[in-house]
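First the structure, in the form of structure tokens, and then the observations on it.
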Amino acid sequence: MENTGTIRLGNENFEFPIIVGTEGEKALDTRTLRAKSGCITFDEGYGNTGSCMSDITFIDGENGILRHRGYPIEQLAENSSFLETAMLVIYGELPSEENLRAFRQQVRKNSSIHTGMHSHFDGFPSGAHPMAILSSMLNSLGAYYPEMSSNDREQDLAHFDETAALLISKVRTIAAMTYRMKMGLPFVYPADKRYTGNFLHMMFSEPYNEYVDDHGAGKALDLFLMLHADHEQNCSTSTVRMVASGGANLFASVSAGVCALWGPSHGGANMAVIKMLEEIHAAGDDGSRFIEAAKKGEAKLMGFGHRVYKNYDPRAKILGKSAESILESIGMEDPLLDIARRLEQAALEDDYFISRKLYPNVDFYSGLILKAIGIPVEMFTVMFAIGRMPGWIANWKEIAENPKSRIHRPRQIYTGSTKRDYLALDQR
Ligand code: SDX
């Protein structure tokens with residue numbers, strides 16, 4: 001393929017360089033298009049538009065491939081941990097044993113939040129959505145660390161390592177405290193435990209009775225978080241980059257990422273999948289009626305479909321197996337898993353889904369794991385945010401470290417009224 005591409009507008013040709021990524025992906029570099037031709041591209045939803053070059057994650061949607069810094073997600077799921085994968089995503093290499101130990105210590109050291117923030121929870125009604133609490137608490141966190149949230153790039157970068165460990169640790173604590181506040185339970189202080197073990201302790205221990213993980217909940221949760229660590233320029237990650245591009249600090253950027261993740265088309269889908277499975281179960285439907293409704297456009301098969309994957313989401317495959325094993329180790333029969341398996345089978349055989357290349361995505365099975373662990377549905381998207389924190393941090397770092405990075409400011413095509421003169425009140 002030539003290393004340039006031509007766009008013909010009217011009777012004029014305009015030539016542009018072609019950028020080729022390390023995995024052979026090609027992009028027409030149209031950064032000079034408007035200057036050369038007066039024309040812009042229009043790509044609502046950005047399905048054909050690259051917003052950046054990134055070294056962090058590669059997805060081949062046609063072949064169901066996901067790699068972080070070159071490492072296949074299947075190998076990481078088999079051999080790595082959430083914190084090790086977080087370091088890989090953020091710093092670009094698998095850490096040495098010493099660096100991983102130091103990071104774990106840094107995360108453990110940051111497990112609690114400033115007591116001044118405990119009172120913030122008093123300001124939320126118990127019915128407040130956990131994602132609303134999480135986004136505001138993450139932004140408020142920055143107020144306690146002014147040296148890390150100065151919006152002076154150089155200064156914020158100088159504190160990057162401590163900020164990254166602090167956010168990865170405290171997002172988990174804030175999530176657990178949110179659950180306790182909503183349940184009317186006393187906060188449980190962090191203990192000297194591993195990442196997910198500490199989370200489950202802060203969620204479920206009582207002053208008189210320490211939580212005991214005797215069914216592999218910590219391990220299943222660690223895998224869940226790892227599989228959510230990063231995923232190219234999805235809605236929430238590109239939001240983080242958008243906010244970071246204006247020079248905003250990491251706390252403000254990830255807080256915006258939480259808000260973007262909240263919607264049912266994105267991170268909110270894991271909650272919507274459980275709600276869908278429960279409705280199907282309650283209706284005594286084996287899933288076939290629901291599939292028919294989805295094909296008529298009367299329902300959406302939540303947890304299915306993806307803008308990039310036109311093949312099976314590799315994370316869904318791993319999470320499906322993990323859901324089965326956690327339920328088995330608990331000795332729990334969950335009818336929702338059977339319905340999910342039937343929906344998957346039916347959809348994979350039905351032309352409506354096959355022709356639209358709709359396969360299970362990361363959200364299809366993840367909720368069943370969280371439900372088996374005892375995490376309430378309302379907290380599911382918060383769990384997604386905990387898992388995605390390393391990816392948001394890594395993407396913020398790519399923007400902040402790039403001296404050539406420009407503020408993100410898309411163009412538009414104006415379709416409103418053309419020029420008209422002001423009408424006095426008595427003339428309207
Ligand atoms: C995540 O971007 C990421 O990487 C996200 C993520 C990450 O890790 O960050 O992977 C996490 O957000 C996963 C997606 C979670 N969302 C859901 O599961 C919600 C259900 N899925 C759909 O809303 C949808 O599939 C999207 C939003 C995921 C993708 O939407 P697109 O790419 O805009 O696709 P589309 O809406 O244009 O759909 C194309 C066709 C349409 O039918 P036609 O108009 O051609 O007749 O497929 C149909 C859609 O109606 N379709 C579905 C469907 N998803 C798409 N029909 C039934 N059920 C579905 N789930």
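Can S417 be described as farther than 30 Å from A158 by Cβ, open to solvent by less than 10 Å² (accessible area, probe 1.4 Å) and of a type in the set (S, T, Y)? Spelling it out, it is not the case that S417 is farther than 30 Å from A158 by Cβ, open to solvent by less than 10 Å² (accessible area, probe 1.4 Å) and of a type in the set (S, T, Y). Contact annotation: residue pairs with Cβ atoms under 8 Å, 6 or more positions apart or on different chains, pairing a residue in the stretch 400-412 that is open to solvent by 100 Å² or more (accessible area, probe 1.4 Å) with a partner that is assigned to a loop (DSSP other than H, G, I, E, B) and of a type outside the set (G, A, S), are R411/I40. Just to check your reading of the model, which residue among I393, I407, I399, I413 is more than 18 Å from C52 (Cα to Cα) and among the β-branched types (V, I, T)? Checking each option against the conditions leaves just I413. P95 falls short on exactly one of the conditions (1) surrounded by 16 or more Cβ atoms within 10 Å (Cβ to Cβ); (2) free of Cβ contacts under 8 Å to residues at least 12 places away in the same chain; (3) more than 30 Å from I174 (Cβ to Cβ), and that condition is (3).
So which of G246, G284 is open to solvent by 20 Å² or more (accessible area, probe 1.4 Å), more than 24 Å from M383 (Cα to Cα), in contact (Cβ under 8 Å) with a residue 60 or more places away in the chain and more than 13 Å from the ligand (Cβ to nearest atom)? Talk me through it step by step, then tell me what you get.
On the way: G284 fails: in contact (Cβ under 8 Å) with a residue 60 or more places away in the chain.
The conditions single out G246.
Residues that are under 23 Å from S236 (Cβ atoms), open to solvent by 20 Å² or more (accessible area, probe 1.4 Å) and of a type outside the set (A, V, I, L, M) within the stretch 268-281 comprise just one, K275.
If only residues of the stretch 249-265 that are outside any helix (DSSP H, G or I) and open to solvent by 20 Å² or more (accessible area, probe 1.4 Å) are counted, the one that is farthest from M53 (Cα to Cα) is P264.
The values are calculated or read from the model by the stated rules, or taken from the named source; none is laboratory data. Keep in mind that what you see is a predicted model, and the values were worked out from it rather than measured. Methodologically, a virtual Cβ is constructed for each residue, glycine included, from the backbone with ideal geometry; neighbour enumeration extends over all protein chains shown. Ligands, DNA and RNA are excluded from the accessible area calculation, which covers all protein heavy atoms including side chains. Shrake-Rupley method; radii C 1.70, N 1.55, O 1.52, S 1.80 Å.
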